[in-house]
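Report on one structure; see the data block that follows.
Just so you know, all these numbers are worked out from the coordinates, no wet-lab data involved. Small disclaimer: the values here were computed from a predicted structure and weren't measured. Ideal geometry is used to build each Cβ from the backbone, glycine not excepted, and the neighbour counts take in all protein chains shown.
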Amino acid sequence: MTIPSDPKQVKAICFANIHVPDMRKLEVARAHGAYEFLPTVLNEFDSSRIIDEVKTAGIRGRGGAGFPTGLKWSFVPRSTGKPTYLMCNADEGEPGTFKDRDIMRFDPHLLIEGMIMAGFALDVHDAYIYIRGEFLHEANILNEAIAEAYAANLLGENILGTGFSMHLTVHRGAGAYICGEETALIESVEGKPGRPRFKPPFPAVEGFYRCPTVVNNVETLSTIPAILKHGGDWHAQIGQPNNTGMKIFSVSGQVNKPGNYEVPLGTPLKTLIEDYCGGLQHGSVPKAIIPGGSSSPWLMAEHYEIPLTFDELAKAGSMLGSGAIIVMDETADVVAVARRLAHFYAHESCGQCTPCREGTGWLERIMMRVEAGQGRPDDIQVLSDAATHMAGRTICALADGAAAPILSLLKHFPEEVRARLVESAA
């Protein structure tokens, strides 16, 4: 892995070798450092040392919640008499997010190595990659890479003669957004409809088939090899306190160079957009920014220079989420954006909770009317009431995600909504 030992010189971790041709092939991956440190981990490390290094690294989950990874691993009970499972969340269904797909497509062995190391730390012998149903190409690449790893005794029984055994299986989903939520993901792997479970108990205690289960994101697991090779202290010096390491941001919308960019946490939003993404297509400041995937509350022009960290975005009333940044410039129709997102959440609600099942449909129907310029005088109040009473009243956070764009629209752009009401047109 071509990553400098000096943390100040690190330019990328997950994307360090992503542009190397044929990196998905084991021979090429090994030539660039893949699995190089794995024998050391399996022979010289133990579970507590690995978990301590991950805790010291300060890495927080890259899938959306931002929960400390080492702390999550430490919750797994030992000596229960039950097997422990590891599941990689590769569902990546959050609109605007497309980072994990690139890791799996271009450097699958990085993810596999990270899962082996995590599995060793947690005493896992059966692990799964739950991949989004639409990612057929990436699933095929993963299966080919896993087959190569088995042939090289990097997976399977008695890995590299160390006595540790772990099997890895790719499980394709059926294209349900809700299966990005970890308990819905577990239900899906069990062969059930993907619907979230009540918590507690949390998966670390009672997950897959009611056994201890750890669910981590692709980007999170792909960072583990570098952390163990260079040390937790090394990783902790990248980024900012409590927001350490590199982060891949998927930038889309009205910028000149949309794409995935891996930068240290704490990089200002303006720096990312102007220095990496070539600036806005129109104007000098954004009209609005969705900073962490479609379920995150919108930021405005006054937040343009905000440091991209979990904590700073929370202070601003939003969240870092999956790191999917959707930029809207002065030409954006924010009413149309909110309507489109309302349609997405209405379509993806699993229907388990009444506030979400009914509320997402209400939001979509009203927003369709408003977008068409046929809004009714009381639509603003109905939208506000419905969105407010959905959020925080369901088993999972899908209802909160559906409410976020509507409440952001009403808060920041009330005049654009009023302009679509029939009374305004009269």
* To do: Scan the range 394-423 for residues that are in contact (Cβ under 8 Å) with a residue 24 or more places away in the chain, farther than 19 Å from GLY317 by Cα and more than 22 Å from the chain's Cα centre (by Cα) and report the count.
  => 7
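Taking the condition of being within 24 Å of ASP100 (Cα to Cα), in contact (Cβ under 8 Å) with a residue 24 or more places away in the chain and outside any loop (DSSP other than H, G, I, E, B), how many residues in the range 313-336 meet it?
Going through the range 313-336 one residue at a time, the tally reaches 5.
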* Among the helices (runs of 4 or more DSSP H) confined wholly to the range 140-257, which include 3 or more residues that are under 30 Å from SER294 (Cα atoms)? -> 182-189, 218-230
* Asked: What number of residues within the range 260-274 are over 17 Å from ALA301 (Cα atoms) and part of a helix (DSSP H, G or I)?
  -> 0
* Which residue pairs have Cβ atoms closer than 8 Å, lie 6 or more positions apart in sequence or on different chains, and pair a first residue in the range 126-150 that is within 13 Å of THR169 (Cβ to Cβ) with a second residue that is hydroxyl-bearing (Ser, Thr, Tyr) and surrounded by fewer than 20 Cβ atoms within 10 Å (Cβ to Cβ)? -> ASP126/THR169; ALA127/THR169; TYR128/THR169; ILE129/THR169
* Residues that are within 24 Å of PRO355 (Cα to Cα) and hydrophobic (A, V, I, L, M, F, W, C), drawn from the range 399-423 -> ALA399, ALA402, ALA403, ALA404, ILE406, LEU407, LEU409, LEU410, VAL417
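For every residue, the table says whether it meets (1) aliphatic (A, V, I, L, M); (2) surrounded by fewer than 21 Cβ atoms within 10 Å (Cβ to Cβ); (3) under 17 Å from the mean Cα position of the chain (by Cα).
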site	(1), (2), (3)
ALA65	yes, yes, yes
THR69	no, no, yes
LYS82	no, yes, no
TYR85	no, no, no
ASP91	no, no, yes
MET117	yes, no, no
* Of all residues making up the range 352-373, the number that are of a type outside the set (A, V, I, L, M) and either in contact (Cβ under 8 Å) with a residue 40 or more places away in the chain or buried (at least 22 other Cβ atoms within 10 Å of the Cβ) (or both) -> 8
* Structure fact -> Within the range 238-263, residues surrounded by fewer than 18 Cβ atoms within 10 Å (Cβ to Cβ) and either touching a helix residue (DSSP H, G or I) at 6+ places or on another chain (Cβ under 9 Å) or under 17 Å from PRO307 (Cβ atoms) (or both) come out as PRO241, ASN242, LYS257, GLY259
